[in-house]
1. Does the stretch 218-248 hold any residues that are out of contact with any helix residue (DSSP H, G or I) (no Cβ under 6 Å at 6 or more places or on another chain) and outside any helix (DSSP H, G or I), and which are they?
2. Considering L165, L157, which residue is open to solvent by 70 Å² or more (accessible area, probe 1.4 Å) and in contact with a Gly (Cβ under 6 Å, 6 or more places away or on another chain)?
3. Looking at I133, I138, which one is open to solvent by 30 Å² or more (accessible area, probe 1.4 Å), more than 11 Å from the chain's Cα centre (by Cα), within 16 Å of the ligand (Cβ to nearest atom) and touching a residue at least 40 places away in the same chain (Cβ under 8 Å)?
4. Mind counting the residues in the stretch 1-39 that are open to solvent by 60 Å² or more (accessible area, probe 1.4 Å) and not β-branched (V, I, T)?
5. What are the pairs, 6+ residues apart or on separate chains, where a residue within the stretch 152-170 that is in a helix (DSSP H, G or I) has its Cβ under 9 Å from a residue that is open to solvent by 90 Å² or more (accessible area, probe 1.4 Å) and among the aromatic types (F, W, Y)?
6. Can you name every residue in the stretch 20-47 that is over 15 Å from the mean Cα position of the chain (by Cα) and within 16 Å of the ligand (Cβ to nearest atom)?
7. Find the residue count for the stretch 15-48, including only residues that are closer than 22 Å to Y141 by Cβ and outside any helix (DSSP H, G or I).
8. Filter the stretch 48-72 down to the residues that are within 10 Å of the ligand (Cβ to nearest atom) and among the β-branched types (V, I, T), then identify the one that is nearest to I194 (Cα to Cα).
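The values are calculated or read from the model by the stated rules, or taken from the named source; none is laboratory data. Just so we're clear, the structure is a prediction, and the values are computed from it rather than from any experiment. When we count neighbours, we look across all protein chains shown, and the Cβ atoms used for this are built from the backbone with ideal geometry, even at glycine. With ligands, DNA and RNA removed, areas are computed over all heavy atoms of the protein, side chains included. Shrake-Rupley method; radii C 1.70, N 1.55, O 1.52, S 1.80 Å.
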Amino acid sequence: MKNFLIQHIGQVITATITRPKALNALNTEVLGELQELIQDLYRNGEIRGLILTGEGEKAFVAGADIKELAILNRAQALELAEKGQSLFKMMEDCPKPIIAAINGFALGGGCELTMACHIRIATENAKFGQPEINLGIIPGYGGTQRLTQLIGRGKALELILTGDLISAQDAKALGLVNHVVSNRDELMALANSIMNKIVSKSPIAVSNAIKSVNAGFGFENAGYVAESENFAACAATDDFKEGTTAFIEKRSPNFTGK
Ligand code: CAA
């Protein structure tokens, strides 16, 4: 794999996303490799759990790759959102535990990626948010649904509508992360200790617990369909072109409502 460092410790895999120069942004190649990794997690009887983290001190994942997004038309944006949603659903439904060890920014698609994991722990320098609104678009990988499930509609709407970033401590107070630790060593130690505890249980009970918790949050609900269609509708606007161009040109966007 080009974009992941894979380490096996016993029956647990740690996968580190290795695109630190782009703040580990999720481009097509990273998403393709992540899909392979998750498929392997489902299939490989030797592996009992996955810890996901990002390379560097700065970012877990700073979102979908904006340079790739910027050139999508409406149909391509719909396809991208549907593919991302289905990969993240596969993670959420994985019968083996997936822990996000969040070492920095978890923004946009990065925050959505953490929310598709079963457990989230973060270093105190981590920052969370759904800043897509600053690009003239909305979350497209399930964020409108999972953020609402995790922190409630009022706070989810505030984060999605303002694009504000919040600290790890605030994310913990909202229930978005389970634990906050001071540095990467503690992060990986805690991730491994939680994972090892889960791996010591009956794998049948673990998978049934995940299945049962998730059964109350149907993927078939209209929210995911609305999200992908509305993501694509935004991608067809001038405001989206302006928002993504402004990000690439490192300036503030000037939205016109067209
Ligand atoms: N996609 C592509 N490249 C990105 C990126 C992204 N999401 N985030 C950061 N980068 C790149 C920057 O372009 C920059 O590259 P260059 O050095 O080549 O210029 C490099 O990573 C470092 O980033 P910055 O210089 O911007 O670093 P900073 O410290 O000034 O700011 C930041 C850090 C606040 C995280 C800022 O990078 C940022 O706002 N990133 C974008 C966050 C975002 O909007 N995420 C949502 C993406 S859309 C999405 O995810 C849709 C979806 O739901 C499917």
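1. Quick first cut of the stretch 218-248, residues out of contact with any helix residue (DSSP H, G or I) (no Cβ under 6 Å at 6 or more places or on another chain) only: 218, 220-222, 225-226, 229-230, 233, 237-239, 241-242, 245-246, 248.
Residues satisfying the conditions are G218, E220, N221, T237.
2. Of L165, L157, the one residue that is open to solvent by 70 Å² or more (accessible area, probe 1.4 Å) and in contact with a Gly (Cβ under 6 Å, 6 or more places away or on another chain) is L165.
3. Selected residue: I138, the only one of I133, I138 that is open to solvent by 30 Å² or more (accessible area, probe 1.4 Å), more than 11 Å from the chain's Cα centre (by Cα), within 16 Å of the ligand (Cβ to nearest atom) and touching a residue at least 40 places away in the same chain (Cβ under 8 Å).
4. Counting residues in the stretch 1-39 that are open to solvent by 60 Å² or more (accessible area, probe 1.4 Å) and not β-branched (V, I, T) gives 12.
5. Partner pairs satisfying both residue conditions: none exist.
6. P20, K21, A22, E29
7. So the count comes out to 10.
8. V61
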